[in-house]
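The values are calculated or read from the model by the stated rules, or taken from the named source; none is laboratory data. Predicted model only: the values in this text are computed from it and were never measured. Note that each Cβ is placed from the backbone with ideal geometry, even for glycine, and that neighbours are counted across all protein chains shown.
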Amino acid sequence: MCRLKFCYVDESGTGDEPYAVMVGIVVDAMRMRPTKTDWEQFLLGMQEIVGRPIEELHTRDFYAGNGPWRGINGPQRARIIGSVMEWLSRRKHSLVFSSADKGRFYAEFSQHEWYGNINTLWRFLALHLALSLQKLHQQIPKNKGNTVLIFDNEERERERYTDLVLNPPAWTDAYYNRRARQEALDQIIDAPYFADSRDVPLLQVADFIAYFLRRHVELEGDDTERYEGERDQLGNWARQALARAIPKTAIYPKRGRCACADIFFTYAPACLRG
């Protein structure tokens, strides 16, 4: 029996940060309702703590203790973060991700012959997510065309990325060993969708996980801790999140990479590609 899957996607680090991470939360359609209810209950609990309505969890503000979170101290926020990671594990949703060292990406890949098919870092990450899901889900029998991509609103990217998914360049075929009569990206339903994260709770979860994976990468690089023990704490949270990731063979295979897979592997930070 085929299973309709939704992948809710958001990113962190497309500003001035040295690294960017994009995360997709992959959910079976039949489990959507309890998941949505769970997250709404979580936000209601946050409202009781801060004493004001919380329509959306903005992870950057939450982690820094800014805005409505100013009255919650560091240890309290850490417990909340831990509870979200545990929640993700209990719901048993899968996670797919892509990442890039932005310095290397802009210095090197911008000169590559394939860059013209992509043109932006956001599309680079989003294409990698689609290819990873294609490679994984095509292994499920009778599952053709049952994955829906839903992104947080990104008006500048919507049209070009939609065209990229509907008409992927030929060099992406090798990523998932496309067969002679197989349609390109045949696991993806139609065009990707874009929505407001205030209305789609799992986009907030994707933002949450992407933020902490990116911060983990920064601390494994040259960035300094904002508080004592941050590196170890972020490492623990990252391991919890990555335990829900789809197999690395679909994202960053260590062996037998085609030229397409090698591009995504090359620009990923070492601590995430393994």
Q) Mind checking which residues of segment 170-199 are over 11 Å from GLN138 (Cβ atoms), touching a helix residue (DSSP H, G or I) at 6+ places or on another chain (Cβ under 9 Å) and among the hydrophobic types (A, V, I, L, M, F, W, C)? A) TRP171, ALA174, ALA184, ALA191, PHE194, ALA195
Q: For residues that are surrounded by 16 or more Cβ atoms within 10 Å (Cβ to Cβ) and in contact (Cβ under 8 Å) with a residue 24 or more places away in the chain, scanning just segment 59-69, find the one that is farthest from the chain's Cα centre (by Cα).
A: TYR63
Q: Only residues that are surrounded by fewer than 21 Cβ atoms within 10 Å (Cβ to Cβ), among the polar types (S, T, N, Q) and farther than 21 Å from SER12 by Cα: list them for segment 126-174, please.
A: GLN138, GLN139, ASN143, ASN146, ASN167
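To keep it simple, each residue is scored yes or no on (1) surrounded by 17 or more Cβ atoms within 10 Å (Cβ to Cβ); (2) modelled with pLDDT of 95 or more; (3) charged (D, E, K, R).
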position	(1), (2), (3)
GLU225	no, no, yes
GLU228	no, no, yes
GLN233	yes, no, no
TRP237	yes, no, no
THR249	no, yes, no
TYR252	yes, yes, no
CYS258	no, yes, no
ALA261	yes, yes, no
PRO269	yes, yes, no
Q.
When you check ARG198 against the structure, is it in a loop (DSSP other than H, G, I, E, B), farther than 16 Å from GLU11 by Cβ and in contact (Cβ under 8 Å) with a residue 40 or more places away in the chain, yes or no?
A. yes
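Every residue, every condition in (1) out of contact with any strand residue (DSSP E or B) (no Cβ under 8 Å at 6 or more places or on another chain); (2) more than 26 Å from LEU136 (Cβ to Cβ); (3) of a type in the set (S, T, N, Q), yes or no:
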position: CYS7; (1), (2), (3): no, no, no
position: GLU11; (1), (2), (3): no, no, no
position: ASP28; (1), (2), (3): no, no, no
position: LYS36; (1), (2), (3): yes, no, no
position: TRP39; (1), (2), (3): yes, no, no
position: LEU43; (1), (2), (3): yes, yes, no
position: ILE49; (1), (2), (3): yes, yes, no
position: PRO53; (1), (2), (3): yes, yes, no
position: GLU56; (1), (2), (3): yes, yes, no
Q. Do we find that ASN153 is among the polar types (S, T, N, Q) and under 19 Å from the mean Cα position of the chain (by Cα) in this structure?
A. yes
Q: Mind telling me which of the residues ALA210, ALA180, ALA184 ends up being surrounded by 23 or more Cβ atoms within 10 Å (Cβ to Cβ) and either of a type in the set (A, V, I, L, M) or out of contact with any strand residue (DSSP E or B) (no Cβ under 9 Å at 6 or more places or on another chain) (or both)?
A: ALA210
(Q) Every residue in segment 103-121 that is farther than 26 Å from ASN177 by Cβ and surrounded by 18 or more Cβ atoms within 10 Å (Cβ to Cβ), please. (A) LEU121
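Conditions (1) out of contact with any Phe, Trp or Tyr (no Cβ under 7 Å at 6 or more places or on another chain); (2) without any contact (Cβ under 8 Å) to a residue 12 or more places away in the chain; (3) part of a helix (DSSP H, G or I); (4) not hydroxyl-bearing (Ser, Thr, Tyr), marked per residue:
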{"site": "VAL21", "(1), (2), (3), (4)": "no, no, no, yes"}
{"site": "ILE25", "(1), (2), (3), (4)": "no, no, no, yes"}
{"site": "GLU40", "(1), (2), (3), (4)": "yes, no, yes, yes"}
{"site": "ILE54", "(1), (2), (3), (4)": "yes, no, no, yes"}
{"site": "GLY71", "(1), (2), (3), (4)": "yes, no, no, yes"}
Q: Residues being over 22 Å from the mean Cα position of the chain (by Cα) and either within 24 Å of HIS58 (Cα to Cα) or acidic (Asp, Glu) (or both): count how many of those fall in segment 174-194.
A: 1
Q. Any idea which of (1) surrounded by 15 or more Cβ atoms within 10 Å (Cβ to Cβ); (2) over 15 Å from the mean Cα position of the chain (by Cα); (3) under 22 Å from ALA259 (Cβ atoms) is the one SER99 doesn't satisfy?
A. (2)
Q: Please specify each residue of segment 126-169 satisfying the condition of being part of a loop (DSSP other than H, G, I, E, B) and of a type in the set (Asp, Glu).
A: GLU154
Q: Would you please list the contacts, defined by Cβ atoms under 9 Å and residues six or more apart or on different chains, that run from a residue in segment 77-105 that is on the phi > 0 side of the Ramachandran plot to a residue that is modelled with pLDDT of 85 or more?
A: LYS92/ARG244
